[in-house]
1. Quick one: which residues, 5+ away or cross-chain, put their amide H under 5 Å from the amide H of Val418? H built at 1.01 Å from N.
2. Among residues other than Thr446 whose Cβ falls under 12 Å from its Cβ, what is the net charge (Lys/Arg +1, Asp/Glu -1)?
3. List the residues whose amide H sits under 5 Å from the amide H of Ile368, counting only those 5 or more places along or on another chain, with H placed 1.01 Å from N in the peptide plane.
4. Pull up the cross-link candidates among the aspartates and glutamates for Lys220, meaning alpha carbon to alpha carbon under 14 Å and not fewer than 8 places away within one chain.
5. Please find the FRET efficiency linking Gln540 to Leu168, where r is the Cβ-Cβ separation and R0 is fixed at 41 Å, and quote it to the nearest 0.05.
6. Please report, in whole Å³, the volume per residue of the convex hull around the C-alpha atoms of the range 425-532.
7. Compute the distance from the alpha-carbon center of the range 450-475 to that of the range 483-501, in whole Å.
8. For a Förster distance of 56 Å, can you work out the FRET efficiency between the beta-carbons of Val196 and Glu520, rounded to the nearest 0.05?
Amino acid sequence: GATVYVGADMPGMAMGLRPVKANEVEPGRYQATVPLSMEGLWKLTVEVDGPEGKSSQQVSVVVKRGGGFPWVWVLVVAAVVALVAWRPPLWQGLIVGALVLLAVLAGKYLERYRPADKSMGMKMDMAAPDMGMNISEMQAPVPVVIEPVERDTVAMTVNYTGTVKPYLEETIYPRVEGWLLELPFYPGDQVKKGQVVGRLDDRELSLKAQKAEASAAVSKAKAREAAAQVAGSRQGIEMARAELEASKKRAERAQAEIHRTEVDLEYWDGVLRREKELLDAEAVSREEYEEKESRFATAKVMHHHARVDLERAEAEVKAHQAGLEQAKSQAEAAGLGATAAAAQERQARLEAAERETVADYTTLRAGIDGVVTERITDPGGLVRPGTGILKVADLDQVRLQFSVAEEDLPYIHQGTVVTVTSQALRGELEAEVTSMFRAVDARSRTGLVEALVKNPRRRLLPGSYVVGVFALRRERHVPTIPRGALASYYGEPSVWVAVERAGQLVAERRQLKLGAESEEQLEVLDGLEPGDQVIVAGHQGLVEGQPVVKAERGEGIYRNLLLPEAPR
């Protein structure tokens with residue numbers, strides 16, 4: 001017994017009907033009910049699989065609804081009779097006639113395009129064909145392009161849509177609050193790093209800076225005065241120290257003088273005693289005794305004067321020591337004052353520098369070389385820190401960012417070649433992956449891959465999209481077929497192969513298991529062997545077992561093959 005399937009479809013419409021298996025009602029006869037839900041031209045495909053092989057045939061069927069009661073024409077006749085009997089004014093008659101015409105057109109439309117009854121179908125009663133019949137007796141050969149399966153290298157590629165990002169982007173913000181006076185740049189203008197792009201009102205800040213400078217000058221003068229006092233105190237210390245040394249030396253001399261006078265006094269005292277004894281013994285004259293007594297009195301006076309000088313010198317030493325201590329205290333106080341004055345001077349100087357820097361913040365400058373991409377604020381408004389003024393982007397280089405699926409990330413690394421296309425480019429742009437963001441988004445399950453490319457003439461604009469073709473891996477010396485040969489059979493990949501039967505080429509469907517894919521080639525893991533003759537063009541509309549003839553491209557292979565001509 002044979003297995004028979006009947007499929008139905010309307011040309012130009014995807015009906016989505018699956019083939020119906022025919023039931024064998026008696027040996028050699030099969031019956032199938034095919035639901036044809038609409039009026040019109042249907043294409044029925046009968047596929048037979050029996051001991052003699054497979055065969056198929058297409059049949060064209062026109063489905064029409066049977067004639068019913070001609071209610072449209074009855075409505076027209078009734079309307080005409082009513083108008084004759086009523087005889088309304090002209091304008092009312094025109095309105096009624098127009099309504100009748102619309103009703104007729106609507107009726108014709110519904111009659112032509114209304115769907116058939118749900119029960120409407122077609123019962124096919126078929127006699128089993130002779131399984132040894134030759135399909136070529138019913139259909140003319142279809143010209144197709146045939147190529148053999150060959151071993152080749154397939155570069156597996158994937159396509160992703162990316163976004164253009166500027167290499168560098170800067171939003172210029174004011175660092176102080178103020179009224180925006182100047183902003184002469186507009187989108188598209190070129191700016192250089194450090195170039196003035198805008199100005200704020202700086203009068204208040206300039207006055208504060210001048211006040212701070214004046215305060216710094218006063219503090220500087222005080223610091224100089226304190227430094228002079230320190231220098232004077234140091235001189236006072238030196239003078240006090242010198243006077244102290246001098247008084248100490250005088251005290252030393254006075255001490256030496258006392259020692260000398262004491263020696264003299266003791267000497268003359270001894271001499272006077274001997275002279276007294278000699279005088280009492282009348283060994284010397286009174287004149288000689290009085291001379292020695294005078295010498296003793298002189299030595300006594302000299303000793304007294306020496307003691308007075310010593311006391312005076314010691315007093316001077318104490319006074320000069322006190323003066324030295326006082327000079328040191330004054331110098332220490334002057335030093336502290338000088339330190340405080342110097343600190344005040346530094347603080348005033350820093351405050352003046354800060355005021356000057358803040359005043360300079362009223363001049364807005366570009367931080368990078370680039371192009372103005374957005375003018376956020378206009379002159380005349382009050383701006384504050386955090387309020388954007390201009391956006392500047394470096395477009396001489398751009399970053400192409402692609403969100404790559406998690407399963408493709410292991411095959412992409414720095415240096416992976418990506419071919420970029422865009423409406424802004426003329427042709428393709430070869431680039432390499434320059435960086436990969438080592439994280440996967442938990443929602444989209446994608447990772448960010450970036451390629452840095454030069455942007456001559458700034459054709460690639462920020463925010464525009466590009467298409468990147470990534471070369472993931474290469475499969476070498478594997479069976480391959482052109483992508484154009486691929487067909488789909490109930491959602492599964494398949495191809496048509498030209499095989500020889502009964503002395504002629506016929507089409508045979510092969511289901512495939514595919515591997516690596518590139519833009520032009522597909523790796524075949526199962527279903528084909530090297531040398532198989534694959535139909536790469538002209539396979540649209542082929543059916544199992546349909547005769548084919550080898551042709552070159554351009555020999556009519558793209559004509560409609562759904563309704564092959566009957567053999568003559």
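Bear in mind that the values in this text are calculations on the coordinates, not laboratory data. Small disclaimer: the values here were computed from a predicted structure and weren't measured. Heads up, the Cβs are rebuilt from the backbone with ideal geometry, glycines too, and the neighbour counts pull from every protein chain shown.
1. Distant-sequence amide H within range of Val418: Ala431, Glu432, Val433.
2. Surrounding charge for Thr446 is -2.
3. Under 5 Å from the amide H of Ile368: Gly194.
4. List returned: Glu345, Glu351.
5. Working: r = 52 Å, r/R0 = 1.26.
So the FRET efficiency works out to roughly 0.20.
6. Values: hull volume 20.2 nm³, N = 108.
Value for the range 425-532: 187 Å³ per residue.
7. About 35 Å separates the Cα centre of the range 450-475 from the one of the range 483-501.
8. Once the sixth-power term is evaluated, E becomes 0.55.
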